[in-house]
Amino acid sequence: MQLEGVELGPVTLVGVQNACASVVTLEERRHAHEQIIQSGCESNAFVGCSLVNMYTKCGSLEDLRECSTGICA
């Protein structure tokens, strides 16, 4: 989507996070989280809830804390 110039808004980002919750690696999830941070949508309540959902499903709330504090590797 980014390659096509599509702007990532909260609704799109929630959909991406829901998809990531069940089909991608932790590294890919971190990358998606970084994209959310760059988009400025991390403080959106729906986006935040989708992040918690994504990291919870992979059993990695510590990664959520790390990425949210800017040390996402």
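The values are calculated or read from the model by the stated rules, or taken from the named source; none is laboratory data. Because the structure is predicted, anything quoted here is derived from the model rather than measured. Positions of Cβ are backbone-derived with ideal geometry, glycine not excepted, and every protein chain shown enters the neighbour counts.
State which residue is farthest from the chain's Cα centre (by Cα) when the search covers only the stretch 53-65 and only residues that are surrounded by 13 or more Cβ atoms within 10 Å (Cβ to Cβ) and part of a helix (DSSP H, G or I). Full working, then the answer.
Taking the stretch 53-65 and keeping what is surrounded by 13 or more Cβ atoms within 10 Å (Cβ to Cβ), we get 53-55, 57-58, 60, 63-64.
Narrowing the set further to residues that are part of a helix (DSSP H, G or I) leaves 53-55, 57, 63-64.
Details: 53: 10, 54: 7, 55: 9, 57: 13, 63: 11, 64: 9 Å.
Taking the candidates together, the pick is 57.
In the stretch 9-51, which residues are part of a loop (DSSP other than H, G, I, E, B) and at pLDDT 75 or above? Don't jump to the end; show me each part of the working.
Step one: list which residues in the stretch 9-51 are part of a loop (DSSP other than H, G, I, E, B), which gives 9, 24-25, 40-44.
Of everything in the stretch 9-51, those that are part of a loop (DSSP other than H, G, I, E, B) and at pLDDT 75 or above turn out to be 9, 25, 40, 41, 42, 43, 44.
Residue 3 meets the conditions (1) closer than 17 Å to residue 58 by Cα; (2) at pLDDT below 75 in every case but one. The failed one is (1).
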